[in-house]
Amino acid sequence: MNHQTVTHDFEHLACFLPGLLALGAHTIPDDYLPAKVRERHKWAAEGLAYTCYIAYADQKSGLGPDKLGMNQGTRWVEKLAVWEDGGRISVPPGLKEEGPLKNRKERDYALHSWGSYFLRPETVESIYYMWKTTGEEKWRERGYEIFVALERHARTQYGYTSVAHVDMDPVRPLDDMP
């Protein structure tokens, strides 16, 4: 909410949540986290982690924006209920991976302002936790993709800098290190 108005913004800081859900589903004993809830937490972790990753992979630079404006859609829990009532055919809603979309017009979100990247660790951290909790190599590879983009676009002579225009190559370095 923003001044009592619902928004459909997705901020990079929210990308800590997939790691939190994955760690909880992986470590909390069954006495405290029933199987159905654990399953939903794993699905939510995977879907959100993929959303965070794809926000990077979609950009020409390979770096993710700090904030996205998401197109309004149906709530995940509502889609999940329909999927479960329909016999759980195919993968759960939100877990189908379609790959990066380099054409902005095909995406279901828009970049805010300059599409800036502020060296935030949340996405890479969640991707790391997804790799450690699932053992799936794709998560390690995704983390490496982001590392390569970071080295290419944000590294400076004395450290790293934030950048603007993540959907351009080259990006515009900012005189800023938050």
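The values are calculated or read from the model by the stated rules, or taken from the named source; none is laboratory data. Every value quoted in this text rests on a predicted model; they were computed, and no experiment measured them. When we count neighbours, we look across all protein chains shown, and the Cβ atoms used for this are built from the backbone with ideal geometry, even at glycine. Side chains are part of the model used for accessible areas, which takes the heavy atoms of the whole protein and leaves out ligands, DNA and RNA. Shrake-Rupley method; radii C 1.70, N 1.55, O 1.52, S 1.80 Å.
Observations
- Rg over Rh, two decimals, region 59-103 (C-alpha only, Kirkwood Rh): 1.09
- Heavy-atom accessible area, probed at 1.4 angstrom with all protein chains present, ranks H165, H3 as H3, H165, highest first.
- Electrostatic tally near S126: other residues with Cβ closer than 12 Å to its Cβ, Lys and Arg +1, Asp and Glu -1, net 0.
- Loop-located chymotrypsin sites (Phe, Trp or Tyr not before Pro) across region 114-177 with a Cβ neighbour count of 13 or fewer within 10 Å are Y158, with loop assigned by DSSP.
- Note on exposure: H26, H41, H12 ranked by accessible area (1.4 Å probe, complete protein assembly) read H26, H41, H12, with the most exposed listed first.
- With Cα atoms, 0 to 90° folded angle of helix 137-153 axis to the chain main axis: 20 degrees
- Solution diffusion estimate, µm²/s, Stokes-Einstein, region 1-57, Kirkwood Rh from C-alpha pairs, 4 °C, viscosity 1.567 mPa s: 103 µm²/s
- Debye, to nearest 20: dipole size of region 81-163, +1 on Lys, Arg Cβ, -1 on Asp, Glu Cβ: 340 debye
- Using a probe of 1.4 Å on the protein chains alone, the accessible area found for V166 is around 0 Å².
- For region 131-178, a Kirkwood radius taken over Cα pairs fed into Stokes-Einstein (4 °C, viscosity 1.567 mPa s) yields D = 107 µm²/s.
- Order of exposure, largest accessible area first, which applies to D176, D167 with probe 1.4 Å: D176, D167
- Relative frequency of Cα-Cα separations exceeding 19 Å in the chain, percent: 61 percent
- Taking a sphere under 15 Å around the Cβ of M168 and counting the other residues whose Cβ falls inside, with K and R at +1 and D and E at -1, yields a net charge of +2.
- Positive-end extreme of charge dipole, the chain - chosen from T161, Y128, S61 (charges on Cβ): S61
- Packing order of peptides 60-66, 104-110, highest average first: 60-66, 104-110 (average count of other Cβ atoms within 10 Å over each peptide's residues).
- Solution diffusion estimate, µm²/s, Stokes-Einstein, region 31-71, Kirkwood Rh from C-alpha pairs, 4 °C, viscosity 1.567 mPa s: 108 µm²/s
- Assigned charges on the beta-carbon of Lys, Arg, Asp, Glu; the chain dipole about Cα centre (debye): 180 debye
- Since only V148, P34, A44 are under comparison, the one whose Cα sits farthest along the positive direction of the charge dipole of the chain, derived from C-beta charges on Lys, Arg, Asp and Glu, is V148.
- Global size of region 42-125 as Cα Rg and Dmax, reported in angstrom: 14.3, 43
- For K42, the lysines whose Cα falls under 21 Å of its own Cα, not counting residues fewer than eight places away in the same chain, are K79, K96, K132, K138.
- Between helix 122-134 and the chain: long-axis angle, C-alpha atoms, 0 to 90°, nearest 10: 40 degrees
- Overall form of region 80-128 per C-alpha gyration tensor (a/c, 1.5; a/b vs b/c): prolate
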